[in-house]
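Since the structure comes first, as structure tokens, the remarks are kept for the end.
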Amino acid sequence: MSVGAEIELSAREARGVALAAQGLGLGRRRPNGRIDARRLRRAIDDVGLLQLDSVNVLCRSHYMPLFSRLGPYPRATLDRLASHADTAAGAATRAGRDRALFEYWGHEASLLPVELQPLLRWRMARAEKFAEKPARLLAAEKPELLQSVLRTVGERGPVRAAELATPVRRPKNPWYNWSEAKIALDYLFFAGLVCADHRVRFERRYDLPERVLPKAVLDAPTPPEDEAQRQLLLIAAARLGVATEPDLGDYFRLPRKESKARLTELVEAGALDPARVEGWSAPAYVTAGRLPAPVREARALLTPFDPLVWSRPRTERVFGFRHRIELYTPAAKRVHGYYVLPFLLGDGLVARIDVKSDRAAGVLRVLGAFAEPGADPGAVAVQLADELRLLARWLDLEDVSVAGKGDLAGKLAKAVTSAQEPPHTHTAGQVHQP
């Protein structure tokens, strides 16, 4: 099939298309009333996967993208979609209960729709090459230990790593100062030989795939490696709206050489159309025949691990917003703060805030607030104050407190104090057009 004609987009059109593809705006208002599992699944489909991260200064990061798109929702409903209804039930009983999400390496550690598991089996088959280095070394040095751990999981699962007493390996990197059992489980997990049945206080409980994944998923045929990678690129293209090849390959962390090859095949097959975006130096691509209508009005606080902003080069290219995660930067060298959320308003990223949940005091603390160049600080402060109170209520916090750091802090503090209780729906103004 011949390659389609190149599509031309302005910078603002590309920005709006990216928002629409992520389910931000698109004429959707945050729903009134209780948000059920069906609505959560729709929002998860908009983003494709939820990245996991251990930082808990605000809340666990995988909860936030759904709040950004839906507003307050019961986090327990997401927990149920990602685990069995009764994790204390016997293995035979658990195996009969389907689940919507499973944990694996998608874009880093992620929660993914179970239907994607067959598309990731090629990665599982490459564990000897692509698992973390300590896991690869252990697998090569002590294959009998892997078999022993796998047998134990089969006999006792779901189990946590601490229940399997083995010596601690002490590599130079302190992040991998784990027991050999934990390293073995990490390898088995990457290889798809064990799954995360559920988590307790963010610690995985491992079990066999046949006791975790739905039978229909396990019985699904394994697609050829190249076809699986093409399907992952198409999923990424639909969720990005318009994207460069590195954007598309990064969504599911495909090896760059293979990402380029699969992309060429998709363009030649007519599944992706080439595009040219104003101000972008690299070629872009869109799903053939499915360019969404651009979003002009949206409002959301975004975790640093939200798919809209997790790629720093793309965020700067699309939104003119330079964002660096400063979690591991020494405090004295941080520019904006420890855990900084970009604020989306209209069709631009107009501000950023450093936030913390003070659970003991029942307060959502804004430690710093910064407006972007070109934004109207007064308009931004009013909308951001509404969003913060919505966030605080969702996190079961009684108050919002704004400290004095940042050029937006003063106006935001006044807006938080004076504004009334926010409605469940809103119409965002266009206050920023980079």
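The values are calculated or read from the model by the stated rules, or taken from the named source; none is laboratory data. All values reported here derive from a predicted model rather than from experimental measurement. Glycine gets a Cβ as well: all are built from the backbone with ideal geometry, and neighbour counts include every protein chain shown. Each accessible area value is taken on the protein alone, full model and side chains, heavy atoms only, with ligands, DNA and RNA left out. Shrake-Rupley method; radii C 1.70, N 1.55, O 1.52, S 1.80 Å.
Residue count for the range 218-231 under the criterion of being acidic (Asp, Glu) and either within 15 Å of Val114 (Cβ to Cβ) or open to solvent by less than 20 Å² (accessible area, probe 1.4 Å) (or both): the result is 1.
Rundown of residues vs (1) in a helix (DSSP H, G or I); (2) surrounded by fewer than 17 Cβ atoms within 10 Å (Cβ to Cβ), yes/no style:
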{"position": "Arg38", "(1), (2)": "yes, yes"}
{"position": "Arg41", "(1), (2)": "yes, yes"}
{"position": "Val57", "(1), (2)": "no, yes"}
{"position": "Tyr63", "(1), (2)": "yes, no"}
{"position": "Phe67", "(1), (2)": "yes, no"}
{"position": "Tyr73", "(1), (2)": "no, no"}
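The residues of the range 121-135 that are surrounded by fewer than 21 Cβ atoms within 10 Å (Cβ to Cβ) and closer than 30 Å to Arg80 by Cβ, listed by number, are Arg121, Trp122, Met124, Ala127, Glu132.
From Pro307, Pro313, Pro342, grab the single residue that is open to solvent by 20 Å² or more (accessible area, probe 1.4 Å) and either in a loop (DSSP other than H, G, I, E, B) or at pLDDT 95 or above (or both). Of Pro307, Pro313, Pro342, the one residue that is open to solvent by 20 Å² or more (accessible area, probe 1.4 Å) and either in a loop (DSSP other than H, G, I, E, B) or at pLDDT 95 or above (or both) is Pro313. Within the range 53-66, the set of residues being at pLDDT 95 or above and touching a helix residue (DSSP H, G or I) at 6+ places or on another chain (Cβ under 6 Å) comprises Tyr63, Pro65, Leu66.
Checking the range 233-242 against the condition returns no match, with no residue being of a type in the set (A, V, I, L, M) and over 23 Å from the mean Cα position of the chain (by Cα).
Residue under question is Ala184, and the condition is that it be in a helix (DSSP H, G or I), open to solvent by less than 10 Å² (accessible area, probe 1.4 Å) and in the same structural domain as Leu19 (by the TED database); does it hold? No.
Please go through the range 200-217 and pick out each residue that is closer than 17 Å to Gly106 by Cβ and either buried (at least 21 other Cβ atoms within 10 Å of the Cβ) or in contact (Cβ under 8 Å) with a residue 24 or more places away in the chain (or both).
Arg204, Val212, Leu213, Val217, listed by residue number.
Close Cβ contacts (under 7 Å, 6 or more residues apart or on different chains) running from residues in the range 271-287 that are under 19 Å from Glu227 (Cα atoms) to residues that are crowded, with 16+ Cβ neighbours inside 10 Å and of a type in the set (Phe, Trp, Tyr) comprise Leu272/Tyr285; Asp273/Tyr285.
Inspection of the range 181-190 identifies no residue that is within 14 Å of Val114 (Cα to Cα) and of a type outside the set (Asp, Glu). What are the residues in the range 240-263 that are open to solvent by 10 Å² or more (accessible area, probe 1.4 Å), farther than 16 Å from Pro274 by Cα and in contact (Cβ under 8 Å) with a residue 40 or more places away in the chain, if any? Within the range 240-263, Asp250, Arg253 meet the criteria. Scan the range 150-173 and give yes if some residue there is at pLDDT below 95, closer than 26 Å to Pro255 by Cα and not assigned by the TED database to the domain that holds Leu66, otherwise no. Among the residues of the range 150-173, at least one is at pLDDT below 95, closer than 26 Å to Pro255 by Cα and not assigned by the TED database to the domain that holds Leu66, which makes the answer yes.
Residue check: Ala298 meets all listed conditions (1) in contact (Cβ under 8 Å) with a residue 60 or more places away in the chain; (2) in contact with a strand residue (DSSP E or B) (Cβ under 7 Å, 6 or more places away or on another chain); (3) of a type in the set (Gly, Ala, Ser); (4) assigned by the TED database to the domain that holds Met64 but one, namely (4).
Would you call Val295 modelled with pLDDT under 95 and open to solvent by less than 10 Å² (accessible area, probe 1.4 Å)? Yes; evaluated as a whole, the condition is true for this residue. Counting the residues of the range 319-339 that are open to solvent by less than 10 Å² (accessible area, probe 1.4 Å) and more than 19 Å from Pro65 (Cα to Cα) gives 1.
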